[in-house]
Amino acid sequence: MARLLEFEAKDLLRKTGIPVPPGGVAVTPEEAVAAAEKIGFPVVLKAQVPVGKRGKAGGILFAENSGEVLTRARELFGKNIYGYGVSQILVERKLDIAQEHYLAILSNPATKTPTLIFSRHGGMDVEEHTGGEGIATYNIDLLQGLRPYMAMDMLKGAGISGRALPALTQIAVKLFDIYRKNDCLLVEINPVAMTPKGPLAADARISVDDDALFRHPELGLDEGGEVGDRPRTQIEKIAALIDAHDHRGSAHFVQIDPDGALAKAEGKISIGFDGVGTGVSLAAMDELVPLGFLPRNFCDTSGNPTASKMYRITKVILAQPDIEGYVFISCLSSQQLDNTARGIVKAFLEIYPDRMPNIPCVFCFRGAWDETAIAMFEQHGLTRSPFIRVLGRDATERDVALAFRELHTGWRAQRTAGAQA
Amino acid sequence: MSGVMSFEVFSGGSVTFDLATCAKCETKACVVACNVPNLACVLELKDNVPHLKVTQEEAKRGACIECLACELACMTDGIGGITFSLPMPEWDELIAGAAARGETPGFQRS
Ligand code: SF4
Ligand code: SF4
């Protein structure tokens, strides 16, 4: 999910007419001082990183004067917050907040609608503080959109009245406008700060659907942004480029154990992995893990990807440092497995011109054109390697895992013998 | 026959045929491979060498489905007239910089 930084999100809010605190972005401590002096003290300095709970990680600091801004900004620029180095700081006027609310629109997988969410209690740890209590929701019909009366009804039901009611209603409607226009998965203001001058978006989070990014070059987001709450690894960014502008089938690649630390801690062996379909990937992992192998990555190459896509993603999987093997498995797939195999074969022939992989590799093709796919490995001399095994539609996930263990045991034995000789 | 026949593909990359080599090829396996059912059929034989039977623009828009059948067929049955280039400059950089990061890519490990 591609996520805008806070200042970028606020920029969208401002342009849509949602009030945000006065502020400026700084890339050096001196710029932070200049921004603060322009806004007026006291100020808040906020590290611009695409993760939540920055405050808890020391990413939000306050300053009363220029000297403090300089010290705090220097502190922030040196910080790493949940894997993200701080290279930009948002300097904002510290607000006089009477009350904090929570307001968001998110793509709700349960209702398959955008859902407007409001809580009277906003701020840090909103979920924990409310325990889900006092949270009002309204599922929005995409065809109707969010009309002011709908938002107003919901807010009234949540206990909002007086001048706050029309002000928050307007914000909710504009939030929906942002959500629709930018193909968002989440547009969140937390907190909506209730100040003497009216409500302001004190913090904002906007996440855009990865598959719609190509429609929004103006947002300057790329698919290689983040994985969950950590930045994408270099290799994940390279993998994301493969799918970025080519939607013929998928090559969804995520590193489960980017640096192999988990495998080491669990006493497992790190391997590269590719599955045609998520279900089969999970089933195969369920068989591999008890045998002592931990896939360093998850990869789903389904939806009939082009052979060129398979070629590129195979190179990415094999580039992962220190893996001790590679497993490819398809589900009983309707995708053209000969195309799939061609991409893999091209990658292997390029990487291993002698047709002798340096690590054990098991391939399992089950489904459409599986026999053609399997034959291709033989035609191109890849099955001559003692460390390649190609299985067909009779093989189960367990067979694949056992075949891999057998190859890996032989490979290890050969390496040990080689080292002793 | 000399020169090249070349076209770009949708995902970024190009296919290039060395026509002097292709003229000597007896199988024209690339053209055969491209013309099997379920594949895209964008290659034909013209003047005894592979020829694109759609426009360059159509090929790049996806008429060439990047199935790689032509290239792999040439490897087994042709005489090496085709170059199917699918660049990944970021991957090349990753591999080139691995040593400096103290890493060994999986396919290069000893
Ligand atoms: S199979 Fe190879 S050598 Fe023969 S015509 Fe095709 S590209 Fe040229
Ligand atoms: S990649 Fe496939 S569709 Fe494109 S020219 Fe080669 S055989 Fe034909």
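A few comments on the model shown:
- Choice from A:Leu106, A:Leu76, A:Leu282 showing the highest fluctuation, given a GNM over chain A with Cα pairs closer than 10 Å: A:Leu282
- Working from label points 7 Å from Cα in the Cα-to-Cβ sense, the A:Lys38 to A:Glu266 distance is 5.0 nm.
- Other-chain or far-sequence residues with amide H under 5 Å of A:Gly367's (modelled H): A:Ser333
- Once both labels are positioned 7 Å from their Cα atoms along Cα-to-Cβ, the gap between A:Gln420 and A:Thr71 label points is 6.5 nm.
- Take the Cβ atoms of A:Asp11 and B:Thr83, set R0 to 41 Å, and the FRET efficiency comes out at 0.35.
- Centroid-to-centroid separation of the stretch A:192-212 and the stretch A:167-188 [C-alpha atoms, Å]: 9 Å
- Per-residue ³J(HN,Hα) for the stretch A:390-400, Karplus 6.51 cos²θ - 1.76 cosθ + 1.60, θ = phi - 60°, Hz, x for Gly and Pro: 10, 10, x, 6, 7, 7, 9, 4, 5, 4, 5
- Stretching the chain fully between A:Asp211 and A:Glu64 yields a gain of 48.6 nm (0.36 nm per residue, less the alpha carbon separation).
- Neighbourhood charge, 11 Å Cβ-Cβ cut-off, centred on B:Glu44 and excluding it, Lys, Arg +1 and Asp, Glu -1: +2
- Gain in span if fully extended, A:Ser161 to A:Arg355, counting 0.36 nm per residue against the direct Cα distance: 62.5 nm
- Full-extension gain in nm, A:Val289 to A:Asp141, via 0.36 nm per residue minus C-alpha separation: 48.9 nm
- With a simple spin-label model that places each label point 7 Å from the Cα along the Cα-to-Cβ direction, the separation between A:Thr372 and B:Ala100 comes to 4.4 nm.
- Hull shadow area, averaged, the stretch A:22-93 [alpha-carbon convex hull, nm²]: 3.9 nm²
- The separation of the stretch B:35-110 from the stretch A:1-48, counted between C-alpha centres, amounts to 47 Å.
- P(r) histogram, all alpha-carbon pairs of the stretch A:99-212 included - 5 Å bins from 0, percent: 2, 12, 24, 26, 21, 10, 3, 1, 0
- Vicinal HN-Hα couplings computed from phi for the stretch A:355-370 (Karplus, 6.51 cos²θ - 1.76 cosθ + 1.60; Hz; Gly/Pro x): 6, 10, x, 8, 9, x, 9, 10, 10, 9, 10, 9, x, 5, 6, 5
- 3J(HN,Hα) from dihedral phi, the stretch A:88-103, Karplus parametrisation 6.51/-1.76/1.60, rounded to Hz, x for glycine, proline: 9, 10, 9, 9, 9, 5, 5, 8, 9, 9, 8, 7, 10, 10, 10, 9
- Helix A:307-318 axis, angle to chain A major axis (alpha carbon atoms, nearest 10°): 90 degrees
- The residues packed around A:Glu30, meaning those with a beta-carbon under 15 Å from its beta-carbon, carry a net charge of -1 if Lys and Arg are +1 and Asp and Glu are -1.
- Based on the convex hull around the alpha carbon atoms, the stretch B:24-91 presents an average projected area of 5.4 nm².
- Projection of the Cα convex hull of the protein assembly as shown, averaged over all directions and equal to a quarter of that hull's surface, yields 30.1 nm².
- Formal net charge of residues neighbouring A:Phe62 (Cβ-Cβ distance under 14 Å; K, R +1; D, E -1): 0
- Estimated FRET transfer efficiency (A:Ser87, A:Lys53; beta-carbon r; R0 22 Å; 0.05): 0.70
- Residue among B:Ile95, B:Ile82, B:Ile65 with the largest mean-square fluctuation in a Gaussian network model of chain B, springs linking Cα atoms under 10 Å: B:Ile95
- Computed from the alpha carbon atoms alone, the convex hull of the stretch A:233-420 holds 104 Å³ per residue.
- Taking only the alpha carbons of the stretch A:35-157, we obtain Rg and Dmax values of 18.4, 53 Å in that order.
- When chain A is treated as a GNM with alpha-carbon contacts under 10 Å, the residue of A:Ala136, A:Ala202, A:Ala265 showing the greatest mean-square fluctuation is A:Ala265.
- Counting beta carbons within 10 Å around each of B:Glu93, B:Glu26 and listing the fewest first gives the order B:Glu26, B:Glu93.
- Centre-to-centre, using Cα atoms only, the stretch A:324-359 and the stretch A:240-268 are separated by 17 Å.
All of the numbers you see were taken from the coordinates with simple rules; none came from a lab. Values in this document were obtained by computation on a predicted structure and should not be read as measured data. Virtual Cβ from ideal backbone geometry, glycine too; neighbours counted across all protein chains shown.
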